[in-house]
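Structure record follows, encoded as structure tokens.
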Amino acid sequence: MSTTSTTGATATATTSTSTTASTSQPELDLLIVGAGFAGLYMLHQARARGLNALVIEAADSVGGTWYHNRYPGARVDIQSMEYSFGFDDALQQDWCWTERYAAQPELLAYANHVADRFDLRSGILLNTRLTGAHWDEAAQCWQAGTGTGTSGGRTWRARHLVLATGPLSTPSEPDFPGLSDFKGQVLHTARWPKEPVDFSGQRVGVIGTGSSGVQTITTIAPQVGQLTVFQRTASYAVPAHNGPLDVALEAQVKADYPGFRERNRRMMGGFGSLLPPNNFSAFSVSAEQRESMFEGRWQIGGFVLLGTFNDLIVNPAANELAGEFVRNKIRAAVHDPATAAALCPSHPIGCKRLCVDTGYYATFNRPNVRLVDLQTAPIERFTATGLVAGGEEHPLDAIVLATGFDAMTGTLLRLDLRGRGGLALQDKWQAGPLNYLGLCVVGFPNLFNISGPGATAAFTNVIVAIEHQVQWIADTLRDLRDRGVASIEATPEAETAWVAHVNTVAGRTIYLNCNSWYLGANIPGKPRMFMPLFGFPAYVQKCAEVQQQGYPGFSLAPLHA
Ligand SMILES: Cc1cc2nc3c(=O)[nH]c(=O)nc-3n(C[C@H](O)[C@H](O)[C@H](O)COP(=O)(O)OP(=O)(O)OC[C@H]3O[C@@H](n4cnc5c(N)ncnc54)[C@H](O)[C@@H]3O)c2cc1C
């Protein structure tokens, strides 16, 4: 099969033995949707196993998250040497990160480098958005298409469908009254223009103070005339202490990169082996020792603060000690006591993803920056010239929506996905995203989701999580092909047990004690169900057992006669 993208790239899918049995058989072993890190690596691994694969990507470039999120200050919250592929030693030896925490342009360049280095572009159709896919029971394959639109309604028949569409790829755009009346510029952090945005001298409002908001606010504050920050929920931000990559550290890691990766894979979140969590309680030391240990990790920066003691994520009383440590940092950093009080979060620390910042709190000492606490002054409406919150009009030239994502399910539920008997995913997931192993859904044979609900990606260094899931999927597809299996589908019992397991694990932590996107709580009307699984190593072990034991929890069917 040979297809041509709207950019002129040619995708040539080599014919594998599994798809030549009859003319009614699908032309592809797998169709991969999305060309972020997950889709790129899925293509590479599929090819390595002789599987006939094609990637379709809605954007005009590879890179996913780092293509779409070009907002000022966008960068990783996991150190660059960890947030990168480990599957190819030459790649990790050759690539040199410039900063401890890489910024968006460098991450996008890295994604492009991977695409070129492994000759992936020949298997990717850009500007091609999947609109739906229907399971064809007779042919045991997916019929997937782009529907109407600029790409001309192309369709493909693929034995398997891999949704590498990203856990955070559909921006949340709250329906603020009157937003369309606003005459100034409206930008969403996750759909930032490619051209630089010049805010010089402007009155800019930023709505939202999660990771994207924190990074944007800190970066644009010195550039704008007046910055008004509209905060719904205060965030915990820990210092990145970002800077040029330490050459001694780089040499140390590169001297044994495979060993470093392996040690990281054994960490709960797939990263952090350079400074592992302490294995004792916050209550096993004196108050002075505790403070000094928190301080030590604060000075190192990043997520390591949450590893100061082993009970911060499981014991609310221990968690409160860490939360108060950060709140004291906020009070010390912010001169105006009322602003400092409004910036102090009240939810458990770590319950929402920590922000890793560069001077966020001190930004509020600038004379041109003002905080509006939406808890006491909610947004009432937008006007042609600004917005009204708590009865006060805020004149604005530009508005930045840093309002996050319809996480984990939003992208999938916007597709017309229909499984066995025409079952719509929207109906299947009416009460929440049921799944087995975070990979498969009952009623949707041969469909795999990467970094979706029920998997560990949201709590993990996502690249490590992607590498694991992609390898599992690729190995599974090769096994099935070799065994003459045409379809694989999770069983209802396994699905029910898996969802219960994810909730049991979450119930042992503080993660249920706040309104986070992990629970779907940031989207009005979204069913509340705790979506991500905590604990990467146990997940890896479970997936390996399933493979080694011949896929318990799945039903496998041979090719129909
Ligand atoms: C701003 C930001 C910062 C982040 N920082 C970190 C971090 O520091 N550490 C970490 O571990 N994780 C981080 N994440 C999580 C991040 O999502 C992952 O790190 C990673 O980039 C996800 O890769 P992916 O390939 O799974 O998905 P994505 O990179 O989101 O790629 C999905 C691709 O699918 C495409 N797509 C979606 N729907 C369709 C469709 N219907 N048809 C065709 N194409 C489609 C999209 O255009 C996109 O290109 C961050 C996320 C964001 C938004």
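Values for this structure:
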quantity: Any chance Ser61 is within 10 Å of the ligand (Cβ to nearest atom) and small (Gly, Ala, Ser); calculated: yes
quantity: Cross-chain or 6+ apart pairs with Cβ under 8 Å, the stretch 54-72 first and without any contact (Cβ under 8 Å) to a residue 40 or more places away in the chain and part of a helix (DSSP H, G or I), then small (Gly, Ala, Ser) and within 6 Å of the ligand (Cβ to nearest atom); calculated: none
quantity: The stretch 402-428, subset more than 17 Å from the chain's Cα centre (by Cα), in a helix (DSSP H, G or I) and of a type in the set (Gly, Ala, Ser), residue nearest to Pro167 (Cα to Cα); calculated: Gly422
quantity: In the stretch 169-184, the residues that are within 27 Å of the chain's Cα centre (by Cα) and away from the ligand (no atom under 16 Å from the Cβ); calculated: Pro174, Asp175, Phe176
quantity: Matching option when the condition is under 22 Å from Tyr71 (Cβ atoms), hydrophobic (A, V, I, L, M, F, W, C) and within 15 Å of the ligand (Cβ to nearest atom), among Ala133, Ala190, Ala144; calculated: Ala190
quantity: Residues that are of a type outside the set (Asp, Glu) and either more than 21 Å from the chain's Cα centre (by Cα) or assigned by TED's automatic domain parsing to the domain that holds Glu467 (or both), drawn from the stretch 526-554; calculated: Gln541, Lys542, Ala544, Val546, Gln547, Gln548, Gln549, Gly550, Tyr551, Pro552, Gly553, Phe554
quantity: Among the candidates Tyr539, Tyr518, residue that is at pLDDT 95 or above and surrounded by 17 or more Cβ atoms within 10 Å (Cβ to Cβ); calculated: Tyr539
quantity: Residue, surrounded by the most Cβ atoms within 10 Å (Cβ to Cβ), within the stretch 60-107, restricted to residues that are acidic (Asp, Glu) and over 14 Å from the mean Cα position of the chain (by Cα); calculated: Glu82
quantity: Matching residues, the stretch 456-488, being away from the ligand (no atom under 16 Å from the Cβ) and crowded, with 24+ Cβ neighbours inside 10 Å; calculated: Leu477
quantity: Candidates Ala322, Ala332 - the one that is closer than 15 Å to Tyr236 by Cα, at pLDDT 95 or above and touching a helix residue (DSSP H, G or I) at 6+ places or on another chain (Cβ under 8 Å); calculated: Ala322
quantity: Subset of the stretch 236-259 [touching a residue at least 60 places away in the same chain (Cβ under 8 Å) and in a helix (DSSP H, G or I)]; calculated: Leu249, Glu250, Val253, Lys254, Tyr257, Pro258
quantity: The stretch 502-540, residues that are without any contact (Cβ under 8 Å) to a residue 24 or more places away in the chain and assigned to a helix (DSSP H, G or I); calculated: Thr504, Gly507, Leu519, Ala538
quantity: Answer residue from the stretch 188-198, given it is surrounded by fewer than 19 Cβ atoms within 10 Å (Cβ to Cβ) and in contact (Cβ under 8 Å) with a residue 60 or more places away in the chain and is farthest from Ala458 (Cα to Cα) among those; calculated: Val197
quantity: Index of the failed condition, Asp116 passing every other in (1) more than 19 Å from Ile32 (Cβ to Cβ); (2) without any contact (Cβ under 8 Å) to a residue 12 or more places away in the chain; (3) of a type outside the set (A, V, I, L, M); calculated: (1)
quantity: Condition met for Gly147 (assigned by TED's automatic domain parsing to the domain that holds Ile463, under 22 Å from Ala103 (Cα atoms) and either in contact with a His (Cβ under 9 Å, 6 or more places away or on another chain) or not aliphatic (A, V, I, L, M) (or both)); calculated: no
quantity: Count - residues of the stretch 82-141 that are of a type in the set (S, T, N, Q), more than 18 Å from Leu249 (Cβ to Cβ) and assigned to a helix (DSSP H, G or I); calculated: 3
quantity: Test: residue in the stretch 385-408 that is farther than 29 Å from Ala35 by Cβ and assigned by TED's automatic domain parsing to the domain that holds Gln45; calculated: no
quantity: Residue tally, condition away from the ligand (no atom under 16 Å from the Cβ), within 20 Å of Arg75 (Cβ to Cβ) and assigned to a loop (DSSP other than H, G, I, E, B), over the stretch 199-235; calculated: 4
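Residues checked against (1) in contact with a strand residue (DSSP E or B) (Cβ under 8 Å, 6 or more places away or on another chain); (2) modelled with pLDDT under 95; (3) more than 14 Å from the ligand (Cβ to nearest atom):
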| site | (1), (2), (3) |
| --- | --- |
| Gly8 | no, yes, yes |
| Thr14 | no, yes, yes |
| Asp29 | yes, no, yes |
| Ile32 | yes, no, no |
| Tyr41 | no, no, no |
| Ala48 | no, no, yes |
| Leu51 | yes, no, yes |
| Arg75 | yes, no, no |
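Conditions tested, residue by residue: (1) away from the ligand (no atom under 16 Å from the Cβ); (2) among the acidic types (Asp, Glu); (3) buried (at least 23 other Cβ atoms within 10 Å of the Cβ).
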position	(1), (2), (3)
Ala407	no, no, yes
Arg418	no, no, no
Gly421	yes, no, no
Asp427	yes, yes, no
Ala431	yes, no, no
Leu434	yes, no, no
Ile450	no, no, yes
Gly454	no, no, yes
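The values are calculated or read from the model by the stated rules, or taken from the named source; none is laboratory data. In this text, all values refer to a predicted model and were calculated from it rather than measured experimentally. Here the Cβ is made from the backbone with ideal geometry for all residues, glycine too, and neighbour counts use every protein chain on show.
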